[in-house]
1. How many angstrom lie between the Cα centre of region B:121-195 and the Cα centre of region A:102-123?
2. Let a ≥ b ≥ c be the square roots of the eigenvalues of the Cα gyration tensor of the protein assembly as shown; is it rounded (a/c under 1.5), or, if not, prolate (a/b larger than b/c) or oblate?
3. Assuming a strict under-28 Å limit between Cα atoms, what lysine pair count do you get for region A:16-271 once near-sequence pairs (fewer than 8 apart, same chain) are dropped?
4. Suppose each label sits 7 Å from its Cα in the direction of the beta carbon; what would the residue B:236-residue A:264 distance come out to in nanometres?
5. List the lysines whose Cα sits under 27 Å from the Cα of residue B:239, skipping any in the same chain fewer than 8 residues away.
6. May I ask which of B:73/B:327; B:162/B:386; B:73/B:340 have a Cα-Cα span longer than 21 Å here?
7. Looking only at the protein assembly as shown, where both bridge partners belong to it, what percent of the DSSP beta bridges are antiparallel (to the nearest 5)?
8. May I ask which residue of B:198, B:209, B:300 lies farthest towards the positive end of the charge dipole of region B:159-317, with charges of +1 (Lys, Arg) and -1 (Asp, Glu) on Cβ and the Cα centre as origin?
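Only the coordinates and a few stated rules stand behind these numbers; no lab work does. All figures in this text were calculated on a predicted structure; none of them were measured in a lab. In this analysis, Cβ positions are derived from the backbone assuming ideal geometry, glycine residues included, and neighbour counts consider all displayed protein chains.
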Amino acid sequence: MLLGLFIAYPFFEGVKLSLSSARVGDPGHFVGLKNFHKIWNDSIFHTTMWNTFWYTGVTTVFKLALGLWLAILLNRHFRGKALVRAFILLPFIIPTVLSTFAWKWMFDPTFSVINWTLFQLGIITTRINWLGDPDLAMTSIIVINIWRGVPFFAITLLAGLQTISPELHEAAAIDGARPWQRFWHVTWPLLMPVTLVVVLFSVIQTFADFQLVYVMTGGGPANATHLFATYAYQLGIGTGLLAEGAAISLAMFPFLFIIVVVQLLYIRRVETR
Amino acid sequence: MAKTKRRNVLKLAGTAAVASMGGMAGILATGRMPAFAQQRTVHWLKWVDFVPASDALLRREMLPEAEKALGIKINLETVNGNDLQPRVTAGIQSGAGPDLIMAFNNQTYLYANSVVDLTEIAESVAKQEGGMYKYARAVCSDGKMFMGMPWAVIGGMIAYRKSWFEEVGATSFPKTWVEYRDVAKKLKAKGRPIGQTLGHTFGDAPTFTYPYLWSWGGMEVDPAGKVILNSPATIESVKFMQGFWKDGCDEGGLAWDDTNNNRAFLSQTISATLNGASIYIETLRRPEQYKTEKGAPLNTDILHSPLPAGPAGQFGMHLLQSHMLMKYSKNQDPAKEFLKWIHAEKNFEKWFVSQKGFATPCTEKWEGHKVWSDDPVMAPFKVAAKLGQAPGTRRGNVPLRASSVWKTSAGWRSLSSCRRQCCSACSLPIPSSKA
C-alpha cells in the first residue's frame, strides 16, 4: 500500500505526464512518445546526458578512493578518534543548500577566497573564472560533490572494516603478506559487498543530484553544467513545459535501472561466492 | 472576583441551546450552509525588493493601513526573484497557493489560462493616471484581458564611473557598441573592465541580451511565429560580443546573477554595468561606506546611460513587474479590493517615493513626479517604461496579437525552439512576435 502510494503512483503519474502535451495550467492530451523524440533531438539534452554521466562517474571514483583511504585511517587507533569521526561527518550532516552557498562564495567570480589565497601565495596572477568557464564550473561542482559525499563513503566503509576480524590480517602477516597484499587479498574482498552497496546508493543520489548544481550554477554557464534534474526543472517549472520536463526526468530511469540491476546482480554474485 | 453560581451557568447554557436550535431551524429552512464570519485573507507573493526600505514600508505602514481600510488580512511573502516561477507553477498545478503573485516581463503569457482578468482595474488606473505605457500593455494584456496588473518597471541603465571613463578619454558615454568596445578595452587594460551579468538569472541578463540582439537587427520570431533567430544579424551580434567580452568585460560575468554585478561595482572592481538604479541608491544610503579611491563619496562619481546603439538602432528592455490574481484563489474579491487600494494614487505614491527612482510606474502621470527632478542622476530612469520594449516588438510598434501566437500550439513550439536557441541563459521563456 505504502509502496503503491509513495512510489508507484508518482512514477505512473510522471509517465502519464511525459506522454502528454501538458503545460502549466493545461492538462494537455496524449501525444505518445513525441516528447521523448523532441528531447532526443535537443542538443542541450545531449549535453545534459553527457554531464550527468561524467559528473556521476568522476565523483563516484573519487568518493570511493578518498572514502576508503579515510576509512582505513579512521580504523586505526589514535587519540581523539571519536571526535575526528564526528567531524568527518560534518559535510554530510550540513544541509546541502547551506554548504553549497558557502562554496558558492568560495568560487565567486569576483571575491573567491580560493583565488585570493592562490594570488597571495604567488601561484596565480589573474583570477580563475571558476564558475564562468564551462570546464571549471563542472570541475567546481564535482569538487563540492566529492567533498559532500566522502564522509558517507568513509563512515560506511569504516563500519565494513570493523567487521573484518583482525585475526585474518594477523594470519596473513605471519604468512609474510605485505600491507598492500593484506589489503588487496584480505580487506578488499571482504569489504566488497559493503562497497558495492555504498556505490549503488551514491550513484543513484549523484545521478539525480539537483540542489548542488541549482545553487552553484543553475545549470550554467550556457547550460554547461545541467544535469537531468536541473534541466528537467528548467523546462518543467521555468518555462511551464511540464510534459517535456517529465520526459527528461524519466530519461534518467532506464540508465539508473540498468546501473542498479547490474550492481545488484554483482552484489548477489559476490555474496554467494 | 465575582462568584459564578450554578443557576447562572444553567441559564446561560439554556439560552445558548435555544439560540442554537433556532439557528439550526433557520439554516434548515433556507437550505444553505451557514456563512461563518471568516477573516478574509490575501496572500501576496512578491520578490525581495532591491530597495529594502520599500518592503519595510509595506510591512510596517502600508499593509496595516490596507488591512484597516479594507477589513482584510494581508500576508506578504517575499522571495528571491528567481524563485517566483516555481511557486506559480506549484500553485497552479496544485490549485492552492498565494492569491497574488508577482510576474516578471511576459511570464504572464505562460500563465494566461490560470489567472483572473484584471482589465477593469488596469483600465481604471490607466484612465486616472494619464494612460498606460504600450510596454506595460504589451506585457500584461493579450488584447482580450489583462493577465496581470502592471506594477512597475525596474529600469535597466548602464551605471558607470564617470571619472574612470574620463581617464580613458570618454567624456560622455559611448553612443555605439563599437565606441563602447573601444572604451571597454582601455578600461580593462587598467584593471577596470565592464561587468555584465550573463548568468542564469531573471533581470540583468535578459535586459541586456534582448536589446543587444535587437540593436544588431536580430529577432526571435517573425509575425507568423516562426523562429528566425538564426539570421546573419544575430551571427554578427554574437561575433561582436565575443570580442567585446574578451577585450573589455569581466569574464566572470557568465556566472553572475542579479546581485553579483552590484557587489562588483560597489567594490570597485568593474567600471560599468547594466543594472537597475539599486547600485546608485545603495551609495546614497551609505555614503560613508562607499567611497572612490580618492576618498569622495562614490555616488558623486556614478552616472547612468541607456545601452549603446547598434547598426539597427538603440533599444531598451526593462524588468516589468505585474501582479497576477490566480484563478484558484478563493479570495479573488478581497485581492481585487487590495489591488485597487494599493494602486490608488495616494497609496501607490508612498511606495513609489520609497523606491527613489528604482521603479518607474507604468502610467504616464508619474513622469512629472518630483522624484525625477530631485536627483538628475536618476533622470534617465524616468522614461524607462515609456521607451522599453517587450521581446519581439520593434520600436514604436505594439506587439503582434501575442495571444494568437502563444495560445496556439505553433506558438508554443516556437517558444520551445526559440528558448532552446536563445533563452537558455535566462529565465525569460516567451518571446512574442513583432507587429
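1. Here the two parts' Cα centres lie 32 Å apart.
2. Taking the square roots of the gyration eigenvalues as a ≥ b ≥ c, the protein assembly as shown is oblate.
3. Close lysine pairs found across region A:16-271: 4.
4. Each label point lies 7 Å from its Cα, and together they span 6.0 nm.
5. Leaving aside lysines fewer than 8 places away in the same chain, those within reach of residue B:239 are B:175, B:185, B:186, B:188, B:190, B:226, B:434.
6. Long pairs (Cα-Cα over 21 Å): B:162/B:386.
7. 70 percent
8. B:300
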